[in-house]
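> Handing you this structure, nothing more for now.
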Amino acid sequence: MNKKTVLTILEKKRLKNKITMLTCYDYVTAKLVSSQDIDVILVGDSLGNVKLGYENTLPVTVEDMIYHTESVKRGNNGALLITDMPFMSYEITVEDAVKNAAKIIKEGGAEAVKVEGGIEIVDKIRAISNAKIPVVGHLGLTPQAINKIGGFKVQGRTEDKCSKLISDAKAIEEAGVFAVVLEAIPEQLAKEVTHCLKVPTIGIGAGRYCDGQVLVIDDMLGMFDDFTPKFVKRYADLSNIIKTAVKNYIDEVRAGKFPQEGNVYK
Ligand code: KIV
């Protein structure tokens, strides 16, 4: 598989080729996903919700992100590997931000990091980027700000909020991000941001005009059904496939039908 890099992603915007991104948190899934020529794998801090069972992403640590990145790295064949910087690993000081980004790259093996926020974190973005670490931004619904924004709601619905989001996008581009994730914003606003920026936008619940799309793998495979946002398309129904397989196994063991002759050592 051709190795995808930051340059591949930038080139895709220039050529108007859509960028494909999915989250992954483990070796097996990364192996399956990268076998299909995906452009980018994101080790998202959504792992807090879908893998660790937290109510939100706030408890996720740098160590959690490194542990899962290492596992994904071993399964990845060719995709650009980006890892989220978790809540409070980059907000406090520029030094913390660079140190934690470097830890994720050196120990986890990620090739880039993603941070949530706009103008208020441009100093951190600039410092991480100056330290030779590629950075992706994340605007709109930023789950690490859940307590401030008061829930998982569509963002950028008023004129003020639209202008703020556009200014944030321009500011983080100027600070050095090489792509921007846009989450849960109206399609027209995402279109405008995509038009304004030289770097690609990657949408999740941001409509059809972004330069690429990202989904949480557990949502699109129908594995995680605690809550399914409107923007998710389910490409499979793995939770029912798993439940049926587990039920069949239990029934067969109880009925003495498994193991059979072919499953035993002579
Ligand atoms: O944590 C995550 O999975 C993300 C995606 C939703 C973009 O940030």
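Okay, residues lined up against (1) of a type in the set (Phe, Trp, Tyr); (2) more than 16 Å from Val135 (Cα to Cα); (3) within 13 Å of the ligand (Cβ to nearest atom):
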{"residue": "Asp45", "(1), (2), (3)": "no, no, yes"}
{"residue": "His68", "(1), (2), (3)": "no, yes, yes"}
{"residue": "Lys73", "(1), (2), (3)": "no, yes, no"}
{"residue": "Pro86", "(1), (2), (3)": "no, no, yes"}
{"residue": "Ile105", "(1), (2), (3)": "no, no, no"}
{"residue": "Gly118", "(1), (2), (3)": "no, no, no"}
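> If we scan the stretch 90-103, do we find a residue that is closer than 28 Å to Ser163 by Cα, among the hydrophobic types (A, V, I, L, M, F, W, C) and either touching a residue at least 24 places away in the same chain (Cβ under 8 Å) or open to solvent by less than 40 Å² (accessible area, probe 1.4 Å) (or both)? Before you say what the answer is, go through the steps one by one.
Our first condition is that a residue be closer than 28 Å to Ser163 by Cα; within the stretch 90-103, this holds for 90-94, 97.
Now narrow it down to the ones that are among the hydrophobic types (A, V, I, L, M, F, W, C): 92, 94, 97.
Adding the requirement that they be either touching a residue at least 24 places away in the same chain (Cβ under 8 Å) or open to solvent by less than 40 Å² (accessible area, probe 1.4 Å) (or both) leaves 94, 97.
The answer is yes, given that some residue of the stretch 90-103 is closer than 28 Å to Ser163 by Cα, among the hydrophobic types (A, V, I, L, M, F, W, C) and either touching a residue at least 24 places away in the same chain (Cβ under 8 Å) or open to solvent by less than 40 Å² (accessible area, probe 1.4 Å) (or both).
> Which of the residues that make up the stretch 54-82 are over 18 Å from Thr142 (Cβ atoms) and open to solvent by 60 Å² or more (accessible area, probe 1.4 Å)?
Glu63, Tyr67, Glu70, Lys73, Arg74, Asn77 - these are the residues of the stretch 54-82 that are over 18 Å from Thr142 (Cβ atoms) and open to solvent by 60 Å² or more (accessible area, probe 1.4 Å).
> Among the residues of the stretch 193-227, how many are farther than 20 Å from Val113 by Cα, acidic (Asp, Glu) and buried (at least 18 other Cβ atoms within 10 Å of the Cβ)?
Counting residues in the stretch 193-227 that are farther than 20 Å from Val113 by Cα, acidic (Asp, Glu) and buried (at least 18 other Cβ atoms within 10 Å of the Cβ) gives 2.
Here's the yes/no breakdown for (1) open to solvent by 40 Å² or more (accessible area, probe 1.4 Å); (2) within 21 Å of Arg126 (Cβ to Cβ); (3) within 21 Å of the chain's Cα centre (by Cα):
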residue: Gly140; (1), (2), (3): no, no, yes
residue: Gly151; (1), (2), (3): no, no, yes
residue: Leu165; (1), (2), (3): no, yes, yes
residue: Asp168; (1), (2), (3): no, yes, yes
residue: Glu174; (1), (2), (3): yes, yes, no
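> A further question follows. Select from the stretch 7-39 the residues that are in a strand (DSSP E or B) and either over 16 Å from the mean Cα position of the chain (by Cα) or closer than 25 Å to Asp64 by Cα (or both) and list them in ascending order.
Across the stretch 7-39, the qualifying residues are Thr20, Met21, Leu22, Thr23.
> Considering only residues that are within 14 Å of the ligand (Cβ to nearest atom) and either among the aliphatic types (A, V, I, L, M) or loosely packed, with under 15 Cβ neighbours inside 10 Å (or both), which ones fall in the stretch 16-29?
Of everything in the stretch 16-29, those that are within 14 Å of the ligand (Cβ to nearest atom) and either among the aliphatic types (A, V, I, L, M) or loosely packed, with under 15 Cβ neighbours inside 10 Å (or both) turn out to be Ile19, Met21, Leu22.
> Among the residues of the stretch 1-15, write down those that are open to solvent by 90 Å² or more (accessible area, probe 1.4 Å) and touching a residue at least 12 places away in the same chain (Cβ under 8 Å).
If the condition is that a residue be open to solvent by 90 Å² or more (accessible area, probe 1.4 Å) and touching a residue at least 12 places away in the same chain (Cβ under 8 Å), then Met1, Asn2, Lys3 are the ones that fit.
> Can we say Thr244 is in the same structural domain as Asp123 (by TED's automatic domain parsing) and of a type in the set (S, T, N, Q)?
In short, no.
The values are calculated or read from the model by the stated rules, or taken from the named source; none is laboratory data. Not measured: the values here are computed from a predicted model. Virtual Cβ from ideal backbone geometry, glycine too; neighbours counted across all protein chains shown. Accessible surface is based on the protein model in full, side chains and every heavy atom, while ligands, DNA and RNA are left aside. Shrake-Rupley method; radii C 1.70, N 1.55, O 1.52, S 1.80 Å.
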